1. Select from segment 102-135 the residues that are buried (at least 20 other Cβ atoms within 10 Å of the Cβ) and not in a helix (DSSP H, G or I) and write down the one among them that is farthest from the chain's Cα centre (by Cα).
2. Picking from 67, 39, which residue would you name as being touching a Ser or Thr at 6+ places or on another chain (Cβ under 7 Å) and either surrounded by fewer than 10 Cβ atoms within 10 Å (Cβ to Cβ) or more than 23 Å from residue 104 (Cα to Cα) (or both)?
3. Is it the case, given these coordinates, that residue 243 is over 19 Å from residue 160 (Cβ atoms), free of Cβ contacts under 8 Å to residues at least 24 places away in the same chain and of a type outside the set (S, T, N, Q)?
4. Give 112, 142, 151 a once-over and let me know the one that is modelled with pLDDT of 85 or more, small (Gly, Ala, Ser) and not assigned by TED's automatic domain parsing to the domain that holds residue 217.
5. Can you report the number of residues in segment 90-123 which are of a type in the set (A, V, I, L, M, F, W, C), without any contact (Cβ under 8 Å) to a residue 60 or more places away in the chain and over 26 Å from residue 183 (Cα atoms)?
6. On the given criteria, is residue 207 more than 13 Å from the chain's Cα centre (by Cα), surrounded by 19 or more Cβ atoms within 10 Å (Cβ to Cβ), without any contact (Cβ under 8 Å) to a residue 60 or more places away in the chain and under 24 Å from residue 228 (Cα atoms)?
7. Quick one: would you say residue 296 is surrounded by 14 or more Cβ atoms within 10 Å (Cβ to Cβ) and more than 24 Å from residue 268 (Cα to Cα)?
Amino acid sequence: MITLRKNQNAIKAQLAKFLDFESEHPNKAMLVNNYDWMKDYSFLNFIRDIGKHITVNYMMAKDSVKKRLSGETRDGLSFTEFTYQLLQAYDFLFLNTHKNCKLQMGGSDQWGNITTGTELIRRTTGNEAYALTCPLITKADGGKFGKTESGNIWLDARYTSPYKFYQFWLNVSDDDAKRYIKIFTTIDKPEIDSLIAEHDIAPHERILQKRLAKEVTCMVHSENDYDAAIEASQILFGKSTFESLAKLDEQTFLTVFDGVPQYEISRENITENVNIVELLTSVSNIFQSKGELRKLIIGGGLNVNKQKVSTVEQIVSSANLLNDKYILVQKGKKDYYIIKVV
């Protein structure tokens with residue numbers, strides 16, 4: 001129960017970014033838990049009070065049930081799954097009676113369960129009740145856009161950093177961007193139409209994806225997080241400085257350079273000033289020899305923490321560490337390495 005309440009509070013904190021739970025308005029948002037009204041409701045009382053109003057024939061006529069029974073899915077239909085629509089219907093009845101809730105919304109796969117609720121309300125109290133569903137959101141490849149799918153994102157920054165969140169939207173396909181900007185943003189239709197037209201003229205500039213990524217990142221996180229994501233993107237794909245690199249927290253730094261080879265050295269090797277050539281050649285597999293490294297430095301091809309190394313005599317100290325433990329080495333234009341001080 002402690003875990004459930006913790007999860008409930010976490011969900012509320014996420015929803016509070018989109019819904020108003022604190023105002024004095026009579027229609028302010030409320031977060032309720034059906035356990036609170038089901039925990040003392042016995043099975044016998046439930047089937048006596050609620051089960052008698054909905055026939056088995058009615059329940060079996062639902063498309064979701066017929067598909068399971070007809071063998072369109074690999075698994076059969078358990079009693080729990082079959083009766084779930086009755087439990088969801090009772091939730092709607094309870095909220096309709098006690099909270100004046102008249103509309104239940106959900107994905108199109110919930111249509112059967114929701115309309116069972118409207119039917120239960122009609123048969124018991126006769127109150128007004130309505131159902132509203134929308135098509136399930138899919139990606140261009142036909143895959144579902146959901147938490148059980150691979151490659152999707154979380155609202156919680158602990159699981160998907162603002163930078164990675166921003167990159168997700170920035171990298172969606174053109175077709176997905178045209179649909180998602182209508183679903184996930186509050187931009188009005190004329191402006192969306194204008195953005196799509198502008199995007200179609202120069203798709204390579206990803207105008208639509210950039211606007212989508214900005215709107216959603218600011219909505220879910222903040223404008224500061226969006227600005228930080230832009231700055232982090234420029235570190236890898238554009239011009240940047242040591243100062244901008246040093247602003248990144250450890251999680252974002254590691255996310256930006258995900259997949260970059262990492263090597264470890266002892267902190268003893270860097271607490272005192274150490275020559276850059278001596279330091280980097282002590283790490284295996286980055287440079288084959290001191291001569292190779294010196295030649296690279298003289299040719300202007302070595303950057304440490306996004307700063308060009310201009311002399312073979314350059315010194316590195318603990319003051320050069322990012323997040324007090326990392327050194328970012330760039331060899332040429334594309335080859336990155338991370339040295340972790342342990």
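1. Looking at residues that are buried (at least 20 other Cβ atoms within 10 Å of the Cβ) and not in a helix (DSSP H, G or I), I get 129.
2. On the way: 39 fails: touching a Ser or Thr at 6+ places or on another chain (Cβ under 7 Å).
On inspection, the qualifying residue turns out to be 67.
3. Values: over 19 Å from residue 160 (Cβ atoms): yes; free of Cβ contacts under 8 Å to residues at least 24 places away in the same chain: yes; of a type outside the set (S, T, N, Q): yes.
Spelling it out, residue 243 is indeed over 19 Å from residue 160 (Cβ atoms), free of Cβ contacts under 8 Å to residues at least 24 places away in the same chain and of a type outside the set (S, T, N, Q).
4. On the way: 142 fails: modelled with pLDDT of 85 or more; 151 fails: modelled with pLDDT of 85 or more.
Going through 112, 142, 151 in turn, the sole match is 112.
5. Let us first name the residues in segment 90-123 that are of a type in the set (A, V, I, L, M, F, W, C), namely 92-95, 101, 103, 105, 111, 114, 120-121.
Going one step further and asking which of them are without any contact (Cβ under 8 Å) to a residue 60 or more places away in the chain, we end up with 92-93, 101, 103, 105, 111, 114, 121.
Imposing the further condition that a residue be over 26 Å from residue 183 (Cα atoms) reduces the set to 93, 121.
Count: 2.
6. Working: more than 13 Å from the chain's Cα centre (by Cα): yes; surrounded by 19 or more Cβ atoms within 10 Å (Cβ to Cβ): no; without any contact (Cβ under 8 Å) to a residue 60 or more places away in the chain: yes; under 24 Å from residue 228 (Cα atoms): yes.
No, not satisfied.
7. Considered against the rule, which asks whether it is surrounded by 14 or more Cβ atoms within 10 Å (Cβ to Cβ) and more than 24 Å from residue 268 (Cα to Cα), residue 296 comes out as yes.
The rows are residues; the columns are (1) of a type in the set (A, V, I, L, M, F, W, C); (2) under 14 Å from residue 164 (Cβ atoms).
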position: 196; (1), (2): yes, no
position: 200; (1), (2): no, no
position: 206; (1), (2): no, no
position: 211; (1), (2): no, no
position: 219; (1), (2): yes, no
position: 233; (1), (2): no, yes
position: 257; (1), (2): yes, yes
position: 262; (1), (2): no, no
position: 266; (1), (2): no, no
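The values are calculated or read from the model by the stated rules, or taken from the named source; none is laboratory data. Keep in mind that this is a model prediction, so the values were computed, not measured. Don't worry about glycine lacking a Cβ; one is built from the backbone with ideal geometry, like all the others, and counts go over all protein chains shown.
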